[in-house]
Every structure is written in C-alpha cells, then in structure tokens.
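*Asks:* Quick one: structure below, then a few questions.
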Amino acid sequence: MAKYRIAWLPGDGIGKDVAEAARIVLDRLDVDAEYIHGDIGWEFWRTEGEPLPKRTLDMMKETDCAFFAAITSKGRDVADAELLPELQGKGFVYRSPIVRMRQLLDLYICLRPCKAYPGNPLNYKDLIDLVVFRENTEGMYIGVEFPKVPEEFYAVKGTEKLPRDAAISLRAVTPGGSERIVRAAFEYAQKYGRKRVTAVHKANVLRQTDGVFMEAARKVAAEYPEIAFNNANIDAMGMWLLKDPYNYDVIVTTNLFGDIISDLCAQMVGGLGFGCSGNIGTDYAVFEPTHGSAPKYAGQYKVNPIATILAAKMMLDWLGETDKGAQLEAAVAEVIKEGKVRTYDMGGDSGTLEMAEAIAAKL
Ligand code: IPM
Ligand code: MG
C-alpha cells in the first residue's frame, strides 16, 4: 500500500490541464502516493444539482489530504438556468465547492505564499516574498444571506431606515476563529524566521466584527514579543502593498479581505499563474492553485501550471516530504531563471505540459 492516499480533484475547465501537469512532476519525484479521483465541478451541478457530490466528500475522509485544481462557478442567475430542466425548481442551490470544503472540513487556514522567482518577466519591482494568512471558515463567507430584509430584522435598533428590498449578507467573526488564524500566522513567522506580522482589517467601520478580530490579534501578538506586529486598514493596505511591498512579511486577515489581498499579492509575483494556496486544518488539508477554471482555455494546454505545481510543493511540505518539496521548488526556480520555457502569460509560447516536463527534467 502507498504511504499516502491523496484525493485528486482536477475539477473542470483548465483544472484538468494543470492537474495533469502537477502529476508529471509528482510522478517524477516518485512520491509514494496513491491518487484517488474525485468528481467535483460544474458538470455535477448541472446534472446532479451538487457540484461537490457526497461520494467525493466521503472519499476525501478516507485520504490524507486533497489536491484540487479548479472549477467553474457562476452567479445565482446563470447557475439556476444551466441546471438540467428536470432538476429545476426543486430547490437546488449552487454553493461553491471550495468554500464548502473549507467549512465542512474546518480548514481554517488559507495559506498563500507570494514569492517572486528571479528571472520571471512578470515580477513587480524587485523580488517580493510575503505570505498571506487568510481566515478560511467565517467572515463574509458564512453563507447567511437574505434576498430581502427579513421582517424580524426591523426589531433591531438602527434598522428603521433599511429599505425592505435590500439584500443582506451577514459577516460573522468569532474570537476563537480569529485567535487561531492569528496564532497560525505567528507560529509560521517563528518557524520560518519571518520578522513581522501585519493584521489587516476595517475596524473603523466594521466595528464589531473587526473589533473582535483585532482584539484577538493583539492578544496573540503579545505572546510573540520577538516578532514585530502592526496593523492596517484593508484600503490603505492595498495602497501600501503597491507602494512598498518590502515592508510586509506575513499578513493575516479575515476571509474576504484575504481573498482580495491575496490576489493583489499574487499579481506582484507574476499573476494567478503563480499563486498557490493551502487550505489547512488540524489534520487535513486541500492544496490548490488560487486561479479559477478559465473555461475559454479549457483543454488547450496553454495556461501556466506553475501555480498548481507550487501547490504540489506545499502539499509535499505539509506531508513532511520537505526534501521533495525543496527539490520541486528549486526546479521551478531554475526553469523560470533560464527563461527558455515560458507560457503565454510570461510572453512565451510553451504549453502547460511542456512547462511541466521542463520542470520535471530538473528533478
Ligand atoms: C479563492 C477563490 C474562491 C474564494 C472562490 C472561487 C469562491 O476566489 O480561493 O480565492 O472566494 O475564496
Ligand atoms: Mg480569490
């Protein structure tokens, strides 16, 4: 029996292209793993009313971790219209599978390293190396929404002027959820010799939810006096990151702000072709590229697989295969530095699998 059982979730769109690329390097590294395919994605929404079928979740529970590439997700109106006619009007509600996985499996850390590799023509300014810790289970992602104001809301003081036809999305931030993500950020900083943790919020407006977050952040920060701690409002943070990204090291924030800021950071190290992500809980994790399924490029083997390959590196590290993880990162860095194989986003014309083969050849 293989040492590791890995749930393999290519998804749809370019998810399949980049997952194939990741397997080329994992196979070359001879990881002692069994990869078990799981159904996930748009086609299962259309035909079953469930983009993350129960059989896939059940299978994941029997594995050590999961590797997920990308899936198509669309807004409510489009999703409902694309459901097979016989399933329409039966109460199926589209919910993002990745968001559900994070919540169902309590993968509370969304770890997004943003590191520039020398020679990448897409690098912004000089070499940036920062890490985003995004809270992954609560905040604006709890999924409690109302198409219009529920009548009982008007019992709450201050809601009198709220128009009845307002749609409502609730944001929930708990002290426990905040503490554990901030602690994860500080533990990471300590382990990897990072100098500073910056907590990002909008506490001047979201007084309650970000009040809770910042209170927890300050409390945890006090336990790590050797690591510098500061904080910034999300809007200013966007500006400062563009102005002087070298001032930042580890960033920790709530779910939606982390979603936004991690795309910004990914763009500074080459764009979504380079953004990788680990959704990590206490004993399970799902690794994925940050990008989506880019349906228009599906099956063309055109997109950059490096984000997905770096997600594989994160998975190897998490499994404890740190030597293989380091080898893989070194191979990626070398191919980028040489500049001979470049996908279209990098100004070249190499394909997805060509890039994977070039990286595998360095292993
Ligand atoms: C991400 C993505 C997801 C998110 C989408 C696909 C639901 O943007 O992983 O950053 O919002 O978390
Ligand atoms: Mg995102």
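*Asks:* Of all residues in the range 286-311, which are under 22 Å from Val31 (Cβ atoms), of a type outside the set (Val, Ile, Thr) and within 14 Å of ligand 1 (Cβ to nearest atom)?
*Replies:* Phe287, Glu288, Pro289, Ala307, Ala311, listed by residue number.
*Asks:* Within the range 171-216, which residues are more than 20 Å from Asn233 (Cα to Cα) and of a type in the set (A, V, I, L, M)?
*Replies:* Hits for the range 171-216 are Ala184, Ala189.
*Asks:* If you don't mind, there's one more thing I want to ask. Do we have any residue at all in the range 175-194 that's open to solvent by less than 80 Å² (accessible area, probe 1.4 Å) and touching a Ser or Thr at 6+ places or on another chain (Cβ under 6 Å)?
*Replies:* no
*Asks:* For the range 15-59, what are the residues that are over 20 Å from Ile306 (Cβ atoms) and among the hydrophobic types (A, V, I, L, M, F, W, C)?
*Replies:* Ala33, Ile36, Ile40, Trp42, Phe44, Trp45, Leu52, Leu57, Met59
*Asks:* Under the condition of being of a type in the set (D, E, K, R) and part of a helix (DSSP H, G or I), which residue from the range 19-39 is nearest to Tyr301 (Cα to Cα)? Before the answer, list the steps.
*Replies:* Step one: of the range 19-39, the residues of a type in the set (D, E, K, R) are 20, 23, 27-28, 30, 32, 34, 39.
Now restrict to residues that are part of a helix (DSSP H, G or I): 20, 23, 27-28.
Values: Glu20: 10, Arg23: 14, Asp27: 19, Arg28: 19 Å.
So, considering only residues that are of a type in the set (D, E, K, R) and part of a helix (DSSP H, G or I), the one nearest to Tyr301 (Cα to Cα) is Glu20.
*Asks:* Which one is modelled with the highest pLDDT, of the residues in the range 65-91 that are over 30 Å from Ala2 (Cβ atoms) and within 16 Å of ligand 2 (Cβ to nearest atom)? Quick ask: steps written out before the conclusion?
*Replies:* To start, the set of residues in the range 65-91 that are over 30 Å from Ala2 (Cβ atoms) comprises 72-91.
Now narrow it down to the ones that are within 16 Å of ligand 2 (Cβ to nearest atom): 72-75.
Details: Thr72: 91, Ser73: 86, Lys74: 85, Gly75: 82.
Among those residues, the one meeting the criterion is Thr72.
*Asks:* Same structure again: Considering each of Asp259, Asp345, Asp263, Asp323 in turn, give the residue that is closer than 29 Å to Ile181 by Cα, more than 15 Å from ligand 1 (Cβ to nearest atom) and out of contact with any Ser or Thr (no Cβ under 6 Å at 6 or more places or on another chain). Lay out the reasoning, then the answer.
*Replies:* Working: Asp259 fails: more than 15 Å from ligand 1 (Cβ to nearest atom); Asp345 fails: closer than 29 Å to Ile181 by Cα; Asp263 fails: more than 15 Å from ligand 1 (Cβ to nearest atom).
When all the criteria are applied, what remains is Asp323.
*Asks:* Under 30 Å from Ala331 (Cα atoms) and either away from ligand 1 (no atom under 13 Å from the Cβ) or not hydroxyl-bearing (Ser, Thr, Tyr) (or both): which single residue out of Leu87, Leu104, Leu83, Leu111 fits that description? Before you say what the answer is, go through the steps one by one.
*Replies:* On the way: Leu87 fails: under 30 Å from Ala331 (Cα atoms); Leu104 fails: under 30 Å from Ala331 (Cα atoms); Leu83 fails: under 30 Å from Ala331 (Cα atoms).
Going through Leu87, Leu104, Leu83, Leu111 in turn, the sole match is Leu111.
*Asks:* Collect the residues in the range 282-307 that are within 16 Å of ligand 2 (Cβ to nearest atom), open to solvent by 20 Å² or more (accessible area, probe 1.4 Å) and over 23 Å from Ile181 (Cα atoms), keeping them in residue-number order.
*Replies:* Residues satisfying the conditions are Gly292, Ala294.
*Asks:* Are there any pairs with C-beta distances below 9 angstrom linking a residue in the range 255-267 that is in contact (Cβ under 8 Å) with a residue 60 or more places away in the chain and more than 10 Å from Arg112 (Cβ to Cβ) to a residue that is of a type in the set (S, T, N, Q) and near ligand 1 (Cβ under 10 Å from one of its atoms), with the two at least 6 apart or on different chains, and if so which?
*Replies:* Asn255/Asn136
*Asks:* Also, I was wondering about something else. Just the residues that are open to solvent by 70 Å² or more (accessible area, probe 1.4 Å) and part of a loop (DSSP other than H, G, I, E, B), please, taken from the range 315-346.
*Replies:* So the first thing to find is which residues in the range 315-346 are open to solvent by 70 Å² or more (accessible area, probe 1.4 Å), and the list is 318, 322-323, 327, 334, 337-338, 340, 344.
Across the range 315-346, the qualifying residue is only Lys340.
*Asks:* If you scan the range 247-263, which residues turn out to be away from ligand 2 (no atom under 16 Å from the Cβ) and modelled with pLDDT of 95 or more?
*Replies:* Selection gives Tyr248, Asp249, Val250, Val252.
*Asks:* What are the residues in the range 260-273 that are of a type outside the set (A, V, I, L, M), in a loop (DSSP other than H, G, I, E, B) and either on the phi > 0 side of the Ramachandran plot or open to solvent by less than 10 Å² (accessible area, probe 1.4 Å) (or both), if any?
*Replies:* As a first pass, look at the range 260-273 and keep what is of a type outside the set (A, V, I, L, M): 262-263, 265, 267, 270-271, 273.
Now restrict to residues that are in a loop (DSSP other than H, G, I, E, B): 270-271, 273.
Result: Gly270, Gly271.
The values are calculated or read from the model by the stated rules, or taken from the named source; none is laboratory data. Keep in mind it's a predicted model, so treat the numbers as computed, not measured. Note that each Cβ is placed from the backbone with ideal geometry, even for glycine, and that neighbours are counted across all protein chains shown. Accessible surface is based on the protein model in full, side chains and every heavy atom, while ligands, DNA and RNA are left aside. Shrake-Rupley method; radii C 1.70, N 1.55, O 1.52, S 1.80 Å.
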